[in-house]
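Beneath this line is the structure, given in structure tokens, with notes to follow.
The values are calculated or read from the model by the stated rules, or taken from the named source; none is laboratory data. On a predicted model such as this, the values are computed, not experimentally measured, just so you know. Every residue, glycine as well, gets a Cβ built from its backbone with ideal geometry; the counts of neighbours run over all protein chains shown. Please note that ligands, DNA and RNA were not included when accessible areas were found on the heavy atoms of the full protein model with its side chains. Shrake-Rupley method; radii C 1.70, N 1.55, O 1.52, S 1.80 Å.
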Amino acid sequence: MLSQKNLSQFMNRKSIGILTYYWPPSGGSGVQRWLRFSDHLVELGWEVHVFTFKNPKYDIIDKKSGDIINPEIVVNKIKGFEPSKFLKSMFGNKSNKPLKPSIIRELFFFPDSRRFLVGPTYRFIKKYFLENNLNHLITTGPPHSMHQVGLKLKIDIKIKWVSDFRDPWSNFFQNKLLNQLESTHKKHEREEKRILKNADAIFTTSKNLKDKFDKINHRCHYVPSGFGNIISSKPYKKFRILYSGTMKPIQNPSNLWCVLADLINSHEDFEKRVEIVLIGNIDNDILNSEEFKRIKKREIKSPVSKNEIDNEIEISELLVVCSVNLNDSNDIIPGKFFHYLSSGKKILGISNNGSDLEKIIIETQSGRSFGYDNYDDLKNYIYESFKNYLDKKSINKNPPSKYMSLNIAKKIEQIIINL
């Protein structure tokens, strides 16, 4: 039997589980959110238990990302089946298959291709929570099937559960592109609503999405991803324009390529001094587009580690971030924005007018955002930035402290305590 002192310590114990599919060695900006928050929660006195997977399928690998995992975080890796290799072997890129992979996924893999991880993950975490007397769980998606685990545990063992949406669900642009049947859209909406209604708290990475979810559950909180370290600036011989991260056709800033090509062709000084670098998985449809091919001076690099991206940012002048060129998809702030923000350098956003990305660029005074169809203003801004670079008038701003991940983690702590 616990003594009064030990009982008091047990009742005041700050412990939490975090279920995330993306964890080192996963690369990209998505993994950084809970990698940093987990670290800060440990700093704030929390006992953190991470649940992830033994053989995940990551598009980007960053072998160095594991170096910054706080050693006090308990990492559990769960074994489960994923159909990714099966789908690739069955369909690949061959055009003579009777059904496209997207149709197979829509018909058989709801809500996403990680659906087969839900059962073993639920059983593992249930046993682990009961054996270790844990009571709080955060599930983060995508993949949104992770939230189904939280819901099952909430119903079964009455845990306190936070559902973290790094991206929208039913309105997620990838779902719009993959799912062609109206019945599938309705199914996603119903499941999303069930998750929202039952969660003890909901986190979103954009204010627009928070406002939408607030109509279903008022315990919704805007929790931006923020940034960890401050990136310094180093002088460089060129006017460097940098894009880093994945770029899908739905993000293709065609006008940007046209603007850069026209500036190179019409201004000799710009042509001599500009350096255009893209780092990451850039879709071949973009690389092979007529607009992109017009640019004579550009360099394409494969994905690199976060530390290497930091070095690339240090010597760059303009940092490009693209949202999604779809109607009613304004509620996404790419995690890459906060990575850029930590440098205090100019951010060049390409997004729909009125998007959350545009609003946060305005709020932080970190640069300018332009619509996908805006040519003239975009051209003027880039050339004006170039002239400021030549005249040594470029100014790096101090990143706003409210977006430091430690300060955001303190907000997360208060939300969890008050559940």
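Observations
- Among SER163, ALA409, PHE292 - extreme Cα towards positive end, dipole of the chain, charges at beta-carbon: SER163
- Nearest-10 value in Å² for the accessible area of HIS218, using the 1.4 Å probe: 140
- Net charge dipole size for the chain [Lys, Arg +1 and Asp, Glu -1 on Cβ; Debye, nearest 20]: 1220
- Ligands, DNA and RNA aside, GLU308 has an accessible area near 80 Å² when probed at 1.4 Å.
- Springs between Cα atoms under 10 Å define the GNM used for the chain, and in it the highest mean-square fluctuation of THR20, THR139, THR364 occurs at THR364.
- Put simply, the amide H of VAL274, placed in the peptide plane, has neighbours under 5 Å in PHE239, leaving out anything fewer than 5 places away on its chain.
- For the chain, the fraction of 1.4 Å probe accessible surface lying on carbon and sulfur atoms is 49 percent.
- Calculated from backbone phi, Karplus (6.51, -1.76, 1.60) coupling profile of the stretch 353-358 in Hz, x at Gly/Pro: 5, x, 6, 5, 5, 4
- The GNM of the chain, with springs linking C-alpha atoms under 10 angstrom apart, assigns the highest mean-square fluctuation among HIS40, HIS267, HIS185 to HIS267.
- Förster-model FRET efficiency, 51 Å R0, LYS392 and ILE250, C-beta, rounded to 0.05: 0.85
- Of all the options LYS215, LYS248, LYS193, the one that moves most in a Gaussian network model of the chain with Cα springs shorter than 10 angstrom is LYS215.
- Taking the Cα centre of the stretch 357-419 as reference, the dipole from Cβ charges on Lys and Arg (+1) and Asp and Glu (-1) amounts to some 340 debye.
- Separation of alpha-carbon centers, the stretch 246-324 and the stretch 112-149, rounded to whole Å: 39
- In the context of the full set of protein chains, the chain has a per residue accessible area of 47 Å² (1.4 Å probe).
- Ranking by accessible area, most exposed first, for LYS14, LYS127 with a 1.4 Å probe: LYS127, LYS14
- Residues whose amide H lies under 5 Å from that of HIS221, counting only those 5 or more places away or on a different chain, are ILE202, PHE203, THR204; hydrogens are built 1.01 Å from N in the peptide plane.
- Amide N of the stretch 313-352 lying under 20 Å from the label point, which is placed 7 angstrom from the Cα of ARG273 along Cα→Cβ: 313-320, 345-348
- For a modelled paramagnetic label at LYS127, 7 Å from Cα along Cα-to-Cβ, the residues of the stretch 53-83 in reach, with backbone nitrogen under 12 Å, are 78-79.
- Built amide H within the under 5 Å cut-off of GLY27, gap 5+: ILE60, ILE61, ASP62
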